[in-house]
Amino acid sequence: MLTRRVIACLDVRDGRVVKGVQFVDLIDAGDPAQLAWRHAESGADEIVLLDITATHEGRATLLETVRRAAAQLFVPLTVGGGIRTLQDAEAVFAAGADKVSLNSAALANPELMTEIGSQFGAQAVVVAIDARRDPHAADPVRNARVYTHGGRRDAGRTVVEWACEAESRGAGEILLTSMDADGTRSGFDCELTAAVSTAVGIPVIASGGAGSVSDFAEVFTAGRADAALAASIFHFGVSSARELKAQLATQKIAVRYPC
Amino acid sequence: MVTVVDYQAGNLASVVKALQKLGAEVCVTRDCRDVEAAERIVLPGVGHFQATSRLDVSGLKQAMLAAMTRGVPLLGICVGMQWLYEGSTEAADVTGAGWFPGEVTRFPSGGEKVPHVGWNQLESLRDGALLKGIAEGEFAYFTHAWRAPVNAVTVATTRYMGGFAAASQRDNVCGVQFHPEKSGATGLKILRNFLEMERC
């Protein structure tokens, strides 16, 4: 049976992890390559590396980080942050990434999804959407809006419509982050995730708000998520993705376990 | 020495890295002369079946068919596996190698999500060199929208809107629909089995 994926996400700046999944059995060395490997060994189904480096010099550091992380990694690796052109994507793939995550660059230039998809396959293109419910709309979920710049700028699109466009332009997966839920540890936005997941025919990765094992169970059932991103899972009383999945398995959620 | 055929279809880096991790010496080539001299061949591929038409024009197809006939071990991965069949509805004008019987078709729409992305189980395993040491129900990583039918050459199946061929083998020619280079310890074990496969 196809299983629901638990994905470990590492935020990287200037080659160091600044916010990662803080599993207790990991020594946080701050080194993304080492942490990515440890997460894979600890049962994560996939690794996402998000580069939040703003500077041009940082780009070279990122490629070196991807190269080192990929060298020992035998689960899928997605890299996001600052990929604006086909050439940027090519460099990241050559360094060993399996997928790229596009966010504001896809909004600014939707053709980019098609370009990368036609060269590397749709499976290699993940479109990341930062979403906020629209509290003023009659249906705040169906009318949830796309944001950029860390949730500060309204992109002028609704989430469901943008997700559908991304699919039609060749995206292979949607990484949906609820800016409302992010950092709250009060659960994923299951309603929003379900709205997007039922509107598109491609997998949806839920992100933002996880605070307990049952939050994952809920987003995989009510939220219809195909995968969920784990950040700061340390607080949930589980020590690794393996233990998280062991608990999900007892709740009859199909996960890759044993792993 | 493992010869990895580069037909400009997606990303070879992961496959090469996994083979090197297992201690193999790897030659990446677009030259049919390298394929003619190859001891062991890997045909990777993600993306569109249309890309395999490049194998026809470059002479790589003839070189691979000759090698397969000589008993040179060959492993096709994902679209590389699909190419070993007669053809695919993804690009009806392109013919496959025809080493395996059957045609590759798309998952039906209106059921589960397509593409089939993620970790799924290997089932109905048949004995053989490729899957030695792999247990029923082990997980592998898939990402694809087209798949091959279950038939006489199938050595493992996976269920997603019905069963499809997860791994196939005829003589020394093997194909896997999943990505062994992305399937953790299970995938590395399968790649190692392939590297240890004896020429027949």
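Coordinate-derived values only; no laboratory data. Model, not experiment: these values are computed from the prediction. All Cβ positions, even for glycine, are placed from backbone atoms using ideal geometry, and neighbour counts span all protein chains on display.
Per-structure values
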quantity: Residue-span extension gain [residue B:20 to residue B:66] - 0.36 nm each, minus C-alpha spacing; calculated: 14.0 nm
quantity: For residues of A:2-10, the mean tally of beta carbons on other chains within 10 Å; calculated: 3
quantity: Among beta bridges that DSSP assigns inside segment B:2-196, antiparallel share in %, nearest 5; calculated: 55
quantity: Across B:21/B:113; B:17/B:113; A:245/B:113, pairs whose alpha-carbon gap is larger than 26 Å; calculated: B:21/B:113; B:17/B:113
quantity: Cβ-Cβ FRET estimate between residue A:199 and residue B:28, R0 fixed at 45 Å, reported to 0.05; calculated: 0.65
quantity: Residue mean of other protein chain beta carbons inside 10 Å, A:65-76; calculated: 4
quantity: Of all DSSP beta bridges in segment A:5-250, antiparallel share, percent nearest 5; calculated: 20
quantity: Sum of -39500 (n - 2.57) over DSSP H runs of 4+, divided by residues of the protein assembly as shown (222 nm, nearest 500); calculated: -8500 deg cm²/dmol
quantity: Extension gain (nm, one decimal) between residue B:50 and residue B:112, 0.36 nm per residue minus Cα-Cα; calculated: 19.8 nm
quantity: Nitroxide proxy distance, nm - points 7 Å out along Cα→Cβ at residue A:185 and residue B:127; calculated: 5.4
quantity: Separation in nanometres of the label points that stand 7 Å from Cα toward Cβ, at residue A:222 and residue B:95; calculated: 5.7
quantity: Residue of B:64, B:161, B:81 that the Gaussian network model of chain B assigns the largest fluctuation, springs spanning Cα pairs under 10 Å; calculated: B:161
quantity: Choice from B:112, B:181, B:86 showing the highest fluctuation, given a GNM over chain B with Cα pairs closer than 10 Å; calculated: B:112
quantity: Number of partner chain Cβ atoms within 10 Å, mean per residue of B:133-143; calculated: 3
quantity: HN-Hα J in Hz across segment B:141-152 - Karplus 6.51, -1.76, 1.60, θ = phi - 60°, x for Gly and Pro; calculated: 9, 10, 7, 6, 10, 10, 8, 8, x, 7, 8, 4
quantity: Antiparallel bridges, percent of DSSP beta bridges restricted to the protein assembly as shown (to nearest 5); calculated: 35
quantity: Unit charges on C-beta of K, R, D, E only; dipole of chain B, Debye; calculated: 260
quantity: Over chain A, relative contact order from alpha-carbon pairs under 8 Å, at least 6 apart, %; calculated: 20
quantity: Average Cα contact separation per residue, segment B:2-196, under 8 Å, 6 or more apart, as relative contact order %; calculated: 19
quantity: Using a Förster distance of 51 Å, the FRET efficiency for residue A:109-residue B:37 (Cβ separation, nearest 0.05); calculated: 0.70
